[in-house]
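Shown next, in structure tokens, is the structure this report addresses.
The values are calculated or read from the model by the stated rules, or taken from the named source; none is laboratory data. Bear in mind the structure is a predicted one, so any value in this text is a computation, not a measurement. Neighbour counts run over all protein chains shown; Cβ positions are idealised from the backbone, glycine included. These accessible areas exclude ligands, DNA and RNA; they are computed on the full protein's heavy atoms, side chains included. Shrake-Rupley method; radii C 1.70, N 1.55, O 1.52, S 1.80 Å.
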Amino acid sequence: MTLKFGVIGTGAMGREHIKRITERLSGGEVTAVTDIYEGAINKTLELGKQIGIAPKVYKTGEDLIASSDVDAIIITNLGSVHEQYNLAGIAAGKYVFSEKPLADTAAGCKRIVDAETKAGKHLLQVGFMRRFDAGYRQLKESIDSGEIGQPLIVHCAHRNPDVDEHYTTSMAITDTLIHEIDVLHWLINDDYKSVRVTFPKQSSYARKDLRDPQLVTITTKKGIVIDAGTFVTCQYGYDIRCNVVGEKGVIGLPEVPAIQKRINAKLSYEILTSWADRFTTAYDAELQNFIDSIAAGGAPQGPTAWDGYIAAVTADACVKAQTSGKEESIAIPERPEFYDKYSMGWRDRSHNTAAGAK
Ligand code: NAD
Ligand code: ISE
């Protein structure tokens, strides 16, 4: 069976997913697209010609969702409108792959959780691709094996070369740090308890109204301290770091392989500049897993609507800490049983046997 995808929002990420489904993945095809911006549709049709597909263009996301030619939707429009399409997809009984954030408020995420729970069927996966990244998976295996003892401290960095003029101080949390928020509790098998945000000296490359860099310090229920620095105007490249200090050893996310060059008495290697290149294989794996899990068991097995919700609850506390300057508590609610089966293994690993989610 081929899973027929409709893509809502064909900007940068929408087109990346269209390319990967068409060129690299198996078991899926893009049959439908929509975007409110004609320029994005034109670029998509141009891309379609290059890669040999001709998806039907729908006027609205709602029309696309209603089409019998669409089994699964990919939501890659802006976070502020994710909720309405997530809810519409669930209401229509379609499979949903929602890019992060699941919705732009925790209350919106909760409405999606409630809708899916009420529908009584797992339909939705959130695009938290780092759980499919080979480096993070190796870190998790090492931690779970016990070889470094109990994790004590986690040092992280999330650096982008630059951001556009719409990017705000709170987006450093809701758009950028949200990836660390999701992947770290999965990695260290613990829930978050509190957070404090501090602002180091401002970079002269950041707009005056954008606080950059930021240092987010999260304490978990077991007392592990995570320091995560966002720096979204770092100029030099796209740089993701994660080091875990344990009782008996320290482990770190591997550097992205790049050839070493010895030229003119200098030794050098290139640093990536874009998220699209840094996480290509993780994006491929998350969507292949989505397709394979639906084909094998009728439901996606990746990060759930519940994961999207608790990431939003955590992000809210971080944003509160940005303005209060104080330690703010993170109140993670108890997970409903409905989501136990598809939790990507940080409480129960036995269900994650589909390709890419070993
Ligand atoms: P983008 O601005 O390039 O594209 C968004 C597109 O959505 C635009 O073409 C816009 O016209 C369209 N759009 C807006 N409202 C719409 C609506 N109501 N219906 C249909 N189309 C609509 O942004 P992007 O960088 O492609 O980001 C898209 C999503 O992907 C965001 O949620 C972002 O957070 C996510 N993203 C995730 C990652 C990741 O690492 N997982 C990386 C980049 C972007
Ligand atoms: C972007 O939306 C992403 O999700 C990228 O992974 C992240 O690095 C970037 O900061 C976000 O803007």
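In terms of the Cα gyration tensor, with a ≥ b ≥ c the square roots of its eigenvalues, is the range 1-41 rounded because a/c is under 1.5, prolate because a/b exceeds b/c, or oblate? The shape class here is oblate. In terms of distances greater than 31 angstrom between alpha carbons, the cross-link table entries 110/140; 221/320; 94/320 yield 94/320. Just the protein heavy atoms count here, and of the accessible area of the chain at 1.4 Å, carbon and sulfur take up 52 percent. Rolling a 1.4 Å probe across all protein chains gives residue 81 an accessible area of roughly 50 Å². Bridging of residue 49 to lysines at a Cα separation below 16 Å is possible for 19, once same-chain residues fewer than 8 apart are set aside. Axis angle, to the nearest 10 degrees, between helix 82-91 and the longest C-alpha principal axis of the chain: 50 degrees. According to the square roots a ≥ b ≥ c of the eigenvalues of the Cα gyration tensor, what is the shape class of the range 177-222, taking rounded for a/c under 1.5, prolate for a/b larger than b/c otherwise, and oblate for the remainder? Prolate shape, in that a/c is at least 1.5 and a/b is the bigger ratio.
In this structure the range 226-303 gives 50 Å² per residue of accessible area when probed at 1.4 Å with all protein chains present. Taking 7 Å steps out from each Cα toward its Cβ at residue 203 and residue 256 produces label points 1.6 nm apart. Principal-axis analysis of the Cα atoms of the chain puts helix 178-188 at an angle of about 70° to the longest axis.
Across the alpha-carbon atoms of the range 151-257, the computed radius of gyration and Dmax are 14.2, 45 angstrom. Estimated from helices alone, the mean residue ellipticity of the chain at 222 nm is -10500 deg cm²/dmol (sum of -39500 (n - 2.57) over DSSP H runs with n ≥ 4, per residue). Taken along the Cα-to-beta-carbon direction at a fixed 7 Å, the label points for residue 296 and residue 78 span 3.8 nm. Based on the Kirkwood radius over alpha-carbon pairs, what value in µm²/s does the Stokes-Einstein equation return for the translational diffusion coefficient of the chain at 10 °C and 1.306 mPa s? Translational D for this selection: 75 µm²/s.
In this structure residue 205 has an accessible area near 150 Å², from a 1.4 Å probe over the protein heavy atoms. Pairing the Cα long axis of helix 280-297 with the longest principal axis of the chain, what angle in degrees results, from 0 to 90 and rounded to the nearest 10? Rounded to the nearest ten degrees, it is 50. Translational diffusion of the range 57-139, estimated by Stokes-Einstein from the Kirkwood radius over alpha carbon pairs at 37 °C in a medium of 0.692 mPa s, is 245 µm² per second.
Using C-alpha pairs below 8 Å separated by at least 6 residues, the relative contact order for the chain is 18 percent. Listed by chain and number, the aspartates and glutamates whose alpha-carbon sits under 12 Å from that of residue 261, ignoring those within fewer than 8 places in the same chain, are 270. Distant-in-sequence amide contacts of residue 7, defined by a placed amide H-H separation under 5 Å and a gap of 5 or more residues or a different chain, comprise 32, 33, 34, 74. Between residue 46 and residue 138, the modelled labels are 3.8 nm apart [label points 7 Å from Cα along Cα→Cβ].
Distances between placed amide hydrogens fall under 5 Å for residue 330 paired with 194, 195, all partners being 5 or more residues away or on another chain. Taking amide H positions as modeled 1.01 Å from N, with prolines and chain starts lacking one, the residues under 5 Å from residue 299 and 5 or more places away or on another chain are 294. The range 209-236 to the range 126-180: how many Å between their Cα centroids? Result: 10 Å between the Cα centres. Across the range 239-255, coupling constants 3J(HN,Hα) worked out from phi with the 6.51/-1.76/1.60 Karplus curve, θ = phi - 60°, read 9, 10, 10, 7, 10, 10, 9, x, 5, 10, x, 10, 10, x, 4, x, 5 Hz, and Gly and Pro carry x. Of the peptides 148-159, 93-104, 313-324, 40-51, the ranking by mean beta-carbon count within 10 Å, highest at the top, reads 93-104, 313-324, 148-159, 40-51.
Relative to the Cα centre, the charge distribution of the chain, modelled as +1 at Lys and Arg Cβ and -1 at Asp and Glu Cβ, gives a dipole magnitude of about 520 debye. In this structure the range 1-69 gives 50 Å² per residue of accessible area when probed at 1.4 Å with all protein chains present.
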